[in-house]
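Worksheet for the structure shown next.
The values are calculated or read from the model by the stated rules, or taken from the named source; none is laboratory data. Quick caveat, the model's predicted, so the values are computed rather than measured. Here the Cβ is made from the backbone with ideal geometry for all residues, glycine too, and neighbour counts use every protein chain on show.
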Amino acid sequence: MGQSDVRVLSRLNRTRLDWAQIRSDLSGGLVAAVVSLPQSVPLGAIAFAPLGPDWIWLGVLSGLYCSIFAGSVAALTGGTPLMVTGPRPSASLIVAGLVAALMGQPEVIARGGAPLVATLAFAAIALSGLVQVLFGLFHVGRLIKFIPYPVIAGFMNGVAVLVLVGQMRAFLGLPEDFRWTQWRAIPELMHPGAIAVGIASLAAMVLVPRFMRRFPGPLAALLAGAAMAIVLGTLGVGVGSIIGSIPPFVFSPRPLLEMLSLPMGGWLLELLPLMAPAVLVLAVVNSVDTLLSAAALDSLTGGRHRSDRELVGQGLANLVGGCFGGVACTGSLSRSATAIKAGARTRLASFSHAIILLLTVVVASSLLTPIPMAALAGILVVVALTAFDGWSRQLMWRLPRQADHRREIVANLGVVLVVAAVTMVVNLVAAVAAGTALSMVMFVRKMCKPIVRRVLDGRARRSLKVRNRDEAESLSAKCTQILVVELDGALFFGTADSLAQEVEARLAGVRVVVLDCRRLSEMDATGVRLLGQLGKSLQAKGCALVLAHLSPEDAMGGFLLDMGGPSLDGVVRLFPDADAALEWAEDRVLELGRLGAGEPGEIALADLPLSGNLGAAELTALAGALERRQLPKGTVLFREGEAGDTLYLLAKGHVTIRLQRPDAPAVRLASFQPGVMFGEMALLEGQPRSADAVADDDIVVYELAADRFASLSEEAPRLTHHLVLNIARELAARLRVTSEQLRVAF
């Protein structure tokens, strides 16, 4: 077989694979259309139900046109290839609320009545699509995701209740002019035939998918309701109102032409306060619903949707759908999942869903005419029951079982219930506003938890500076003059005052207050002002305020200095870490106690810790074994990994032990002052150095090398014995300080 033959076979195989995928996509689109048809009809009817029974046909067509026109546009332009678009209960109820509000405007009724109301509703749908497009272009989709979920859950529960209550009239066969204030008359007014159709539809919607998983529940419900109506009709039993005659399909943007004929200004501008909130809420709710469906679809397909493009696509879909007479649309997870299970893998499935619905409306719209409204009500009752938010149901289930977080659960459920109640009693705009306000209050209250994590004194928190024995003992007696306050959370208007009260209540005998800001997550202008005021108040009392883990180079420290300005000069000191802040605080306490005042000169060998309890002869022998060295600032005494063969006695200056890191600044492990020995562990163990030792200024050190120490062991064993005891005493003193810290801290 030649190479050309292989290429031909390869192309044939790809063609077969492509045709196989096309067949799968068409199959998915067909199943989605079968599911979408019985959902689109009642959801469109809900949206325009306030126009009255004579306009049921408009609602039916608007639901179908939504799936056809908006669905095809979203399939071609959306950011989620397998998203099937159509009407949703939430969007339909928002439109229904707007239609009802417009029907209550005498000016609108006088100028055009129901046709004018329908035109204005389609204009609102188109404008909401334009707002969604702007959301996508300006990346507002990222902000929509921050809407508190209890608000969304309450809104969805309120919508579910409204759908449920709204379908009870048709489900029970009540007259069109029935009002729920007449509830006592329901037993006399309800229609047994309509109830039978509704129950048959509801039962088929629930039971058929359990036994026939591939058969769409909405289609089964529609067929069952129609079959029950036929049976009852042969028995002479009425089934209530039906859909009625539907005008033929017209491929024309008639609503757009009617919108363009409206006068710009005058009475139309007076309707702006009524329509604008509905347009905005419709855009936000549709966007949230779509993004949630897209995220859920990602988990189903393993893909990743493009939020901004999806909003633009859904916005264009609503814009086009409104111009062609379609009700508002969103991405539908149920329709999309059905298509995927049927084999859909590309946009062709979503687009073919719209085309199949178009052919159905053109060829078989007359089949919808005799369908009872009770059958549609049965479908929507199940849709409403399944639309109740699962998260809020789980919260109610966990409420009696979660004692630790019961208050938080109750608070979130409270937001859900308030939003749902306002949705049902007032309107969706008020519900979203009320829910957002409550969520903000909850957030502020939660953020107002005590910002002080714990309060310690200088006994529990020490710096890494290793001091000589006398100074360490003096500091141990005075370290209660250092107050360490560890912060955790946000320092803002809700927590600033509590911090000030906590500090001022513990100032007795305190000379330095250290605020450890390592866990501080945020700071606002009120927090900055509080720190300035606290610093001035402490300064007046002879106390200093120190902030650890803040510096001009980091973001929060820069914000503090920029916002505080001159008010912080001289009253607040910033340090990059707690160790540096604690060292400054300890030095200040010692200085105020007149210990360590002024820079000491070189400490004599006899006063160094290694020389303790030595006689004159032993001290002379020790001096002969030591090497005195004067070293300039920056000298590296030893580096990590070098042989540990020398003990150092620091007589003048300061030395820092640092741990070098390859991709980060060095870490200070300890800092030594005059009168301290270091390097003794390496001398005794003979192990390599574990860090670097660097002179912070000009220093004087005495060095005891390992070979000289070994010689002393042979020549003067008694002296060596005393030296080892002195080393042990020094280590024990340091261990005692560490033990005291741990005891106080825990």
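Of the residues making up the stretch 678-694, those that are assigned to a loop (DSSP other than H, G, I, E, B) and buried (at least 16 other Cβ atoms within 10 Å of the Cβ) are 679, 689, 691.
Just to verify a result, which residue in the stretch 520-535, among those that are assigned to a helix (DSSP H, G or I) and among the aliphatic types (A, V, I, L, M), is farthest from residue 546 (Cα to Cα)? Within the stretch 520-535, the match that is farthest from residue 546 (Cα to Cα) is 525.
Quick check on the stretch 723-730. Is at least one of its residues within 55 Å of the chain's Cα centre (by Cα), crowded, with 19+ Cβ neighbours inside 10 Å and of a type in the set (Asp, Glu)? Checking the stretch 723-730: at least one residue is within 55 Å of the chain's Cα centre (by Cα), crowded, with 19+ Cβ neighbours inside 10 Å and of a type in the set (Asp, Glu).
When restricted to residues that are modelled with pLDDT of 85 or more, surrounded by 15 or more Cβ atoms within 10 Å (Cβ to Cβ) and not β-branched (Val, Ile, Thr), the stretch 197-219 contains 7. Contact annotation: residue pairs with Cβ atoms under 8 Å, 6 or more positions apart or on different chains, pairing a residue in the stretch 638-655 that is under 22 Å from residue 675 (Cα atoms) and in contact (Cβ under 8 Å) with a residue 24 or more places away in the chain with a partner that is among the β-branched types (Val, Ile, Thr) and part of a loop (DSSP other than H, G, I, E, B), are 651/603; 652/603. Scanning the stretch 435-484 for residues that are buried (at least 20 other Cβ atoms within 10 Å of the Cβ) and within 21 Å of residue 545 (Cα to Cα) yields 451, 458, 461, 462, 463, 465, 475, 479, 481, 482, 483, 484. Here 624, 675, 641 are screened, and the one residue that is crowded, with 16+ Cβ neighbours inside 10 Å and of a type outside the set (A, V, I, L, M, F, W, C) is 675. Entry remark, the stretch 493-526: residues being surrounded by 19 or more Cβ atoms within 10 Å (Cβ to Cβ) and under 24 Å from the mean Cα position of the chain (by Cα) number 5 in total.
Residue count for the stretch 379-393 under the criterion of being buried (at least 19 other Cβ atoms within 10 Å of the Cβ) and either over 38 Å from the mean Cα position of the chain (by Cα) or farther than 28 Å from residue 58 by Cα (or both): the result is 2.
Restricting to the stretch 46-68, name every residue that is closer than 27 Å to residue 28 by Cβ, hydrophobic (A, V, I, L, M, F, W, C) and over 35 Å from the mean Cα position of the chain (by Cα). Listed by number, the residues that qualify are 60, 61, 64, 68.
Scanning the stretch 695-711 for residues that are hydrophobic (A, V, I, L, M, F, W, C) and crowded, with 19+ Cβ neighbours inside 10 Å yields 695, 699, 701, 704. The residues of the stretch 306-322 that are surrounded by 23 or more Cβ atoms within 10 Å (Cβ to Cβ) and closer than 17 Å to residue 346 by Cα, listed by number, are 310, 313.
Note on the stretch 568-611: among residues that are modelled with pLDDT of 85 or more and either among the basic types (Lys, Arg) or assigned to a strand (DSSP E or B) (or both), the one that is surrounded by the fewest Cβ atoms within 10 Å (Cβ to Cβ) is 588. For the stretch 111-194, the helices (runs of 4 or more DSSP H) that sit wholly inside it and include 3 or more residues that are surrounded by 15 or more Cβ atoms within 10 Å (Cβ to Cβ) are 113-137, 149-172. Counting only residues that are among the β-branched types (Val, Ile, Thr) and in contact with a helix residue (DSSP H, G or I) (Cβ under 9 Å, 6 or more places away or on another chain), which one in the stretch 338-368 is nearest to residue 205 (Cα to Cα)? It comes out as 338.
Name the single residue that is modelled with the lowest pLDDT among those in the stretch 71-126 being among the small types (Gly, Ala, Ser) and under 21 Å from residue 160 (Cα atoms). Selected residue: 90. Against the numbered list (1) out of contact with any strand residue (DSSP E or B) (no Cβ under 7 Å at 6 or more places or on another chain); (2) hydrophobic (A, V, I, L, M, F, W, C); (3) not in a loop (DSSP other than H, G, I, E, B), residue 262 comes up short only at (3). Based on what the data block shows, is residue 198 in a helix (DSSP H, G or I) and closer than 25 Å to residue 55 by Cβ? It is true that residue 198 is in a helix (DSSP H, G or I) and closer than 25 Å to residue 55 by Cβ. Can you confirm whether residue 731 is at pLDDT below 85, part of a helix (DSSP H, G or I) and in contact with a strand residue (DSSP E or B) (Cβ under 6 Å, 6 or more places away or on another chain)? No; evaluated as a whole, the condition is false for this residue. For residue 272, which of the numbered conditions (1) within 36 Å of the chain's Cα centre (by Cα); (2) within 26 Å of residue 85 (Cα to Cα) fails to hold? Result: residue 272 fails condition (2) only. Among the residues of the stretch 644-660, the one identified as surrounded by fewer than 19 Cβ atoms within 10 Å (Cβ to Cβ) and among the hydrophobic types (A, V, I, L, M, F, W, C) is 659. Looking across 538, 545, one residue alone is closer than 27 Å to residue 477 by Cα and either small (Gly, Ala, Ser) or not in a helix (DSSP H, G or I) (or both). It is 545.
For (1) in contact with a Cys (Cβ under 9 Å, 6 or more places away or on another chain); (2) surrounded by fewer than 16 Cβ atoms within 10 Å (Cβ to Cβ); (3) closer than 30 Å to residue 390 by Cβ; (4) of a type in the set (Lys, Arg), each residue gets a yes or a no:
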| position | (1), (2), (3), (4) |
| --- | --- |
| 247 | no, yes, no, no |
| 250 | no, yes, no, no |
| 255 | yes, no, no, no |
| 264 | no, yes, no, no |
| 270 | no, yes, no, no |
| 283 | no, no, yes, no |
| 286 | yes, no, yes, no |
